[in-house]
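The values are calculated or read from the model by the stated rules, or taken from the named source; none is laboratory data. Treat the numbers as computed from the prediction; the structure is a model and nothing was measured. When we count neighbours, we look across all protein chains shown, and the Cβ atoms used for this are built from the backbone with ideal geometry, even at glycine. The accessibility values were calculated without ligands, DNA or RNA, using every heavy atom of the protein model including side chains. Shrake-Rupley method; radii C 1.70, N 1.55, O 1.52, S 1.80 Å.
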Amino acid sequence: MELAMGNTTPKTVILVHGAWADGSCWSPVITQLNGAGIEATAVQLPLSSLAEDVATVQRAMALEEGPLLLVGHSYGGVVITQAGDDPKVAGLVYVAAFAPDADQSALSLAELLPPSPAGSELERDGSGFFKLTRKGILEDFAQDLPVEQKQVMVSTQGPTSIHALSAPVSSTAWRGRSCWYVLAENDRTISPALQERMSSHIGAETIRVPASHVAMLSCPQKVAEVILLASAATTPQRAPGSKD
């Protein structure tokens, strides 16, 4: 069978952060991946619209030969669901992330269940961008991190546009690809019940961690282990139009 990426497993991982964060949130995971011989690229999303965020990931993918593994946290799960519909992408890893079906958005998924505690700690500016309050970061977003680290997140969080959060996806990259889901059991931003529902819907292999929403910071070794497992287990996609 002719494969789009030959017979090799993914050796390059593209890490996609979510709302109210930036690419540096993957730093502990990158250290673990590099130590295992896996190249990792953490993108910096503008968080201004889904289209612009997807384009950012697509530019990162264009620089790599593949096969690739896309990893998304939180709203980053929406981004990889849309951007990952590419023959270079062999698999997807969702980390406490939204995993939408067609015509679903981060916002519409969040509305499927009662609001999470973090939902009441959002502040909107006059341009339609949201930030979490200090209380929201300290108690509901990253409650299991050291105080100093939480304070840094308060200062560096990326304001996120309603246009990003409310935009529905038109592609579902998880269809026909192997998927993994890191479920954060102590999440106060995306409820564990919603995470369970989404991971089951996309048929992901689910790994539970006793972590807050930012599992890649509080449990980086475990998150890295899941990414390494996915990299080793993923079969590259068949090239379009190929025959057995």
Q. Looking at region 28-44, is at least one residue at pLDDT 95 or above, assigned to a helix (DSSP H, G or I), crowded, with 24+ Cβ neighbours inside 10 Å and under 12 Å from the mean Cα position of the chain (by Cα)?
A. no
(Q) Just the residues that are modelled with pLDDT of 95 or more and within 19 Å of the chain's Cα centre (by Cα), please, taken from region 117-129. (A) Ala118
Q: Return yes when Ala102 is aliphatic (A, V, I, L, M), on the phi > 0 side of the Ramachandran plot and at pLDDT 95 or above and no when it is not.
A: no
Q: Would you tally the residues in region 183-221 being open to solvent by 10 Å² or more (accessible area, probe 1.4 Å), touching a residue at least 60 places away in the same chain (Cβ under 8 Å) and among the β-branched types (Val, Ile, Thr)?
A: 2
Q. If a residue has to be in contact with a Lys or Arg (Cβ under 7 Å, 6 or more places away or on another chain), closer than 24 Å to Val16 by Cβ and hydrophobic (A, V, I, L, M, F, W, C) to count, how many in region 113-158 make the cut?
A. 5
Q. Among the residues of region 80-108, which ones are farther than 26 Å from Thr41 by Cβ and aliphatic (A, V, I, L, M)?
A. Ala102, Leu107
Q.
I'm told Ala60 meets every condition in (1) part of a strand (DSSP E or B); (2) more than 22 Å from Phe129 (Cα to Cα) except one. Can you identify the failing condition by its number?
A. (1)
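Results for (1) touching a helix residue (DSSP H, G or I) at 6+ places or on another chain (Cβ under 9 Å); (2) more than 18 Å from Ile190 (Cα to Cα); (3) surrounded by fewer than 20 Cβ atoms within 10 Å (Cβ to Cβ), shown as yes or no for each residue.
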| position | (1), (2), (3) |
| --- | --- |
| Leu107 | yes, no, yes |
| Pro115 | no, no, yes |
| Leu122 | yes, no, yes |
| Asp140 | yes, no, no |
| Asp144 | yes, no, yes |
| Gln151 | yes, yes, yes |
| Leu165 | yes, no, no |
Q | Filtered residues of region 73-103 (kept if open to solvent by 20 Å² or more (accessible area, probe 1.4 Å) and more than 27 Å from Arg188 (Cα to Cα)) | A | Asp85, Asp86, Pro87, Lys88
Q: Hey, could you check region 125-138 for residues that are touching an Asp or Glu at 6+ places or on another chain (Cβ under 8 Å) and either acidic (Asp, Glu) or without any contact (Cβ under 8 Å) to a residue 24 or more places away in the chain (or both) and say which is surrounded by the fewest Cβ atoms within 10 Å (Cβ to Cβ)?
A: Lys135
